[in-house]
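One structure below.
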Amino acid sequence: MVSVSDAQAIILNLVQPLDRLRDTEIVNLLAADSRILAVPVTSPLDFPHWDNSAMDGYAVRYEDVQHSSAEQPTVLEIVEDIPAGYQPNSTIQPGEAARIFTGALMPAGADTIVIQERTRRDENRVHILAAPKPQEFVRHKASFYQAGTQLLPAGIKLNASEIAVLAAAQCPQLSVYRRPRVAIFSTGDELVPIDQPLQSGQIVDSNQYALAALVKESGAEPLLLGIVKDDPVALEKVITHAIAIADLVISSGGVSVGDYDYVDKILQSLSAKIHIRSVEMRPGKPLTVATFPSTDAINRVSSHSPLYFGLPGNPAAVLVTFWQFVLPAIKKLSGITEGWEPAFLKVRSHHELRSDGKRETYLWGKLHLIDGVYEFYKAGGSSSSGNLINLAQTNALAVLPMGKTLISPQEEVQVLQLVNGE
Ligand code: AMP
Ligand code: MG
């Protein structure tokens, strides 16, 4: 049995990211949000493209206005009006100024902007009522970014701010990593599909739906392979198929020590190397992580051996092990270069939290903002590991480290935030 942090390290070490050259595709910028940039972006444009004004006001020569005050204003003659988007015609001479607006080009000769609030207009003259700083409110060409240098590195997720930068840099199309393909199947004789009436003793295969949603949220493409009986022949068939079509395989169920838990045995018969069998956590203790030997006999989509995750069947354990282990692996696989591990927040616990202290323990709940500070509220209802119902409407997982049996109300607790806001 390994600790959670050792398991995370072992798993991340096993993941081979998608190939920078082979595993990419070109997408339009409008379809690029949440994708992972595969190639660094360089722009031939400087930012700003030209010296321009940051404010509405007057473009002046600093030399002319440096001693201005309300008592002794400098009076300048306005020689031009420069709205944004227009080319100035004049060169500002001593004693002159140009009326200028935010984003408009600086006229030649001027080096400083005086904001309009510090001026008084008198027909075609302006009174400068306060001395500006030299070059104040001028955005200088290339002061934000110099043409030819790296604008964005490869391996980042493209969110709205990166999309804005790419649009400004006139990049209509981009090379991004293809979505990792993740095969998902459920194992268990008791499982039935969502649309089938339940016979006594049966339950609906909810894990497949949960995992499909989690995989999609992670930016990967789920390949749903259905329900497989607790039958070695059927299991071997689906595992062989899964490793041939996917970059990563997730099964749920059948990895405990029960008589019908065949997954590990089949993996071994397929010459898989099993790196992890169980983790010191609750829920989620049985967890199989395996890799397969590279062989040309398998027609793989990827040049790498897919990573196999045999998650426990318990639906709560599926969620916890996905967030702690599978998601970091998908992030690394997808080409993201850093920040793979889950990020925990330190917050106050509203309720008392208990564990037997024997394994790292996860408790479901909700983060509430109280006077700008997050507080963790434990989910109501049964906290039995078989209870799926009270997971709905939660947005956080509190963790009690091994050895910690009690967190009192108002004590600090580490929490994994599952969704942003509501
Ligand atoms: P197992 O890990 O196969 O021993 O399963 C542990 C528990 O999780 C059992 O109560 C199963 O019925 C339940 N379970 C297994 N697979 C699923 C699934 N796909 N969807 C919902 N519950 C499941
Ligand atoms: Mg089972």
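The values are calculated or read from the model by the stated rules, or taken from the named source; none is laboratory data. The shown structure was predicted, so the numbers you read here are calculated from the model rather than taken from an experiment. Neighbour counts run over all protein chains shown; Cβ positions are idealised from the backbone, glycine included.
Across the range 373-389, which residue is modelled with the highest pLDDT among those that are in a loop (DSSP other than H, G, I, E, B) and either within 12 Å of ligand 1 (Cβ to nearest atom) or within 29 Å of the chain's Cα centre (by Cα) (or both)?
ALA379
Conditions first: (1) within 16 Å of ligand 2 (Cβ to nearest atom); (2) crowded, with 20+ Cβ neighbours inside 10 Å; (3) farther than 30 Å from THR24 by Cα. GLY310 passes all but one, so which condition is the exception?
Every listed condition holds for GLY310 apart from (3).
For SER186, state whether it is within 14 Å of ligand 1 (Cβ to nearest atom) and either of a type in the set (S, T, N, Q) or not assigned by TED's automatic domain parsing to the domain that holds LYS237 (or both).
Yes; evaluated as a whole, the condition is true for this residue.
For a quick check of your reading of the model, give me the residue pairs whose first member lies in the range 17-39 and is at positive phi, whose second is buried (at least 20 other Cβ atoms within 10 Å of the Cβ), with beta-carbon atoms closer than 8 Å and at least 6 apart or on different chains.
What qualifies is SER34/LEU158.
Those residues that are within 16 Å of ligand 2 (Cβ to nearest atom) and either closer than 17 Å to ASP6 by Cβ or of a type in the set (A, V, I, L, M) (or both), I need them from the range 278-297; list them, please.
SER278, GLY284, LYS285, PRO286, LEU287, THR288, listed by residue number.
Pull out all pairs, ordered by first then second residue, where Cβ-Cβ is under 8 Å, the residues are six or more apart or on different chains, the first lies in the range 68-83 and is touching a residue at least 40 places away in the same chain (Cβ under 8 Å), and the second is loosely packed, with under 12 Cβ neighbours inside 10 Å.
Close Cβ pairs (under 8 Å, with a partner that is loosely packed, with under 12 Cβ neighbours inside 10 Å) amount to THR74/HIS67; VAL75/ASP122; GLU77/ASN124; ILE78/ASN124.
Given the conditions (1) charged (D, E, K, R); (2) within 20 Å of the chain's Cα centre (by Cα); (3) not in a strand (DSSP E or B), which single one is not true for GLU25?
Exception for GLU25: condition (3).
Looking at the range 235-271 only, could you name the residues that are away from ligand 2 (no atom under 16 Å from the Cβ), surrounded by 24 or more Cβ atoms within 10 Å (Cβ to Cβ) and part of a loop (DSSP other than H, G, I, E, B)?
ALA246, ASP247
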